[in-house]
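Trainee: Have a look at this one before I ask anything.
Every number in this text was worked out from the coordinates using simple rules, so none of it is lab data. All values reported here derive from a predicted model rather than from experimental measurement. Cβ placement follows ideal geometry from the backbone for every residue including glycine, while neighbour counts extend to all protein chains displayed.
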Amino acid sequence: MIMPNVWGQGALFAFSGLDGPCCPPECMNGSLLGDLLGVRLRGREEALDLYFSLRYIRDIRYDLVSSDLILAFLTDRGGHEFPLILTFLDQVTVAGLCPPGSLRLRMVDTEGTPENCGFYLFREDREEGTVFTLSLREAVPVTPREVETLRDKRLNYYRAFRDRMPEKAEDRQLLLKCISVMRSQVYSPCGMFRQRWTTPDRIPHAMLWLWDSVFHSFGMIHMETELARDALQSVLDTQQSSGMIPHMARPHTVSGITQPPVLAWGILRYLERTGDRDFAARAVPKLRRYLEWNRENRMDAETGLYGWYIREDMPRNRCDESGMDNSPRFDHPRPMGCVDFCTFMVQEMQCMAGILSCLGEDGEDWDRQARDLKERVNRCLWDEESGLYTDLDLRSGEKTLVFSCASFLPLLAGIPTPEMAGKMARALTDPDAFGTPLPLPTIARSHPLYGTDMWRGPVWINMNYMTALGLRAYGMTELADSLILKTVENIRRFYLTDGVVYEMYDPQGLNSPRALYRKGPVVEPYAPEVRYQTIRDYGWTATLCAAMMLENPSLFGIPEA
């Protein structure tokens, strides 16, 4: 079976909550090195590089490079082949086998020895190789057989997906890489989270985000339906007494703003796939309170449109509530009726009606609210000249005419007429607007601030996923398929060269995402501790790439489930 085997600097290496207790800040997180064959392991305060000397090695063959297992074979100058295994024993302990005498440790930005800095090493040198553990708790003895048993357990997890693999070998590698990243996103129950919960990136954030976790559920449901349910329930667990669901949470703290409301959509999709009516019924009161909070706190009373909370004092992060932190849409702080917020609310109202229908209850009131909001969006936010939706400046009453990836989201909720949808499709293929080699840039190419910094140009996979769903709903199958194929091809191409799946991508399809700005210029070598850069092995890129492939099996030669 072909496995993901591309080494990449910054690729995530971490213990999964699928395998045992795993909760921040106790757990050890790591990332693969670029200059050495090894991994940078981060403890509670210090970091250490665990690597392997290649002094007498003439060849390396990687069989598997995943988020929790490295399996390689090193050949020395005499032609002797030695296995290299690196994996996790638990959330604070890595274990491995390596060629005799090759194990090395290097403290990062710290004087002293590993023991003085909270790391504990066990090693036993044998003629056939060195067996070792490195732990944050204590020296943990281990035998070669125990390491091999861990190896086999992790390998068997990936082998369980052999019947859902794409036809092309490179697509198989990508899909299993995405499944590997999904494993690394999972934490075990702790704090307010009574079940497993997910994070978009163990490094640098290690927190739960509202819409990220919903998007995680779309991919994780293909791994384990209960895992998708856990991801959604954990978002519900963050709800405050006011009804607000925060945009970000740790096990014991939450933020004070919200994020795009997509939770009812996620729960309806889960319900339709599993038939789990009990879970949906328990979720309905929380969903109702959250949508009511949005109406009471984010709706403009005069227009009935919804607008995000925008920070006037944070020019590089005006609107993280929208998820589109530094989009040019928010460069001039002002109250707006926002096309994305309105679209998500229409979608949530429709999904609430759908959930209630599945439960045998009346959802007509939610359908009516959705129809009313659709009418307001089409009347206030549609720009006939451009054939796109835009935000409304509530002070001046004028449309902002800043066109972004959000301009296409109304397709997802069925807001435009078929004629309007056709005009939107033309903008999607116009090279001066959004028709880049890799659609969908987050801001129109014609915008004077179009560039390479986060939401000011680069492509984000969640937006492509939602736009493709919207196109398909309007019967534009060829365009939807093209968007999916181009998206997956681009993720695959840079995975095969860089060994990671990235947070965002170059719409020209030319530059590696590692070169893209992220609220500031790139720091080399990759150092998220210095500046957050394009995050590597990013959550929804993995989950939605997997969803695109598995939900469109005919495009990738995947056997039907």
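Trainee: For an R0 of 60 angstrom, estimate the FRET efficiency from the Cβ-Cβ distance between D393 and A169 and round to the nearest 0.05.
Mentor: That gives a FRET efficiency of 0.70.
Trainee: In region 240-277, whose amide N lies under 17 Å from the spot 7 Å out along Cα-to-Cβ of Y309? List them in ranges.
Mentor: 240-250, 253-262
Trainee: First check a/c for region 149-243, with a ≥ b ≥ c the square roots of the eigenvalues of its C-alpha gyration tensor; if it is under 1.5, answer rounded, and if not, answer prolate when a/b is larger than b/c or oblate otherwise.
Mentor: It is prolate, given that a/c is not under 1.5 and a/b is the larger ratio.
Trainee: Further, regarding this structure: How much FRET efficiency would the formula 1/(1 + (r/R0)^6) give for E148 and A473, where r is the Cβ-Cβ distance and R0 is 51 Å, rounded to 0.05?
Mentor: Working from the Cβ atoms, E equals 0.55.
Trainee: Could you work out the Rg to Rh ratio of the chain, with Rh taken as the Kirkwood radius (inverse of the mean 1/r over all Cα pairs)?
Mentor: That ratio is 0.98, to two decimals.
Trainee: What is the spread of the Cα atoms of region 12-160 along each of their three principal axes, largest first, in whole Å?
Mentor: 44, 42, 28
Trainee: Also, quick follow-up: Taking a quarter of the surface of the convex hull around the Cα atoms of region 1-50, what do you get in nm²?
Mentor: It is 4.5 nm².
Trainee: Now for a different question. Extending each Cα 7 Å along its Cβ direction at Q240 and E128, get the distance between those two points in nm, one decimal.
Mentor: 5.9 nm
Trainee: Taking only the alpha-carbon atoms of region 75-208, what semi-axes of the equivalent ellipsoid follow from 5 times the gyration tensor eigenvalues under a square root, in whole Å, largest first?
Mentor: In descending order, the three semi-axes are 28, 25, 14 Å.
Trainee: A further question follows. For region 12-160, what is the charge dipole size about the Cα centre, in debye to the nearest 20, if Lys and Arg each add +1 at the Cβ and Asp and Glu each add -1 at the Cβ?
Mentor: Using Cβ point charges on Lys, Arg, Asp and Glu, region 12-160 gives about 320 debye.
Trainee: Quickly estimate the mean residue ellipticity at 222 nm for the chain, helices only: each DSSP H run with n ≥ 4 gives -39500 (n - 2.57), and the total goes over all residues, rounded to 500.
Mentor: -11000 deg cm²/dmol
Trainee: Right, another one. Rounded to the nearest whole Å³, what is the per residue volume of the convex hull around the Cα atoms of region 100-156?
Mentor: 107 Å³
Trainee: Now for a separate question. Would you please report the Å³ per residue occupied by the convex hull of the alpha carbon atoms in region 483-561?
Mentor: 102 Å³
Trainee: So what does log10 I(q)/I(0) come out to for region 271-393 at q = 0.23 Å⁻¹, using the Debye formula with one equal point on every Cα and no solvent?
Mentor: -1.27
Trainee: Ok, one more. Determine the gain in length on full extension of the stretch A515-D430; use 0.36 nm per residue of separation and subtract their C-alpha separation, reporting nm with one decimal.
Mentor: 28.0 nm
Trainee: On a full-extension model of 0.36 nm per residue, what is the gain between E111 and N156, subtracting their alpha-carbon distance, rounded to one decimal in nm?
Mentor: Additional length available on full extension: 12.2 nm.
Trainee: Now for a separate question. In this model, which of K168/K486; K286/K519; K153/K486; K399/K423 are farther than 25 Å apart at the alpha-carbon?
Mentor: Among K168/K486; K286/K519; K153/K486; K399/K423, the Cα-Cα distance tops 25 Å for K286/K519; K153/K486.
Trainee: On to the next question. Hey, could you pull the Cα Rg and Dmax for region 394-489, both in Å?
Mentor: 13.1, 43
Trainee: Rank-order 479-485, 142-148, 404-410, 68-74 by packing density, defined as the average count of other C-beta atoms within 10 Å over each peptide's residues, highest first.
Mentor: 404-410, 68-74, 479-485, 142-148
Trainee: Sticking with the crude label model, points 7 Å out along Cα→Cβ, report the distance from F279 to H252 in nm, one decimal please.
Mentor: So the label points at F279 and H252 sit 2.9 nm apart.
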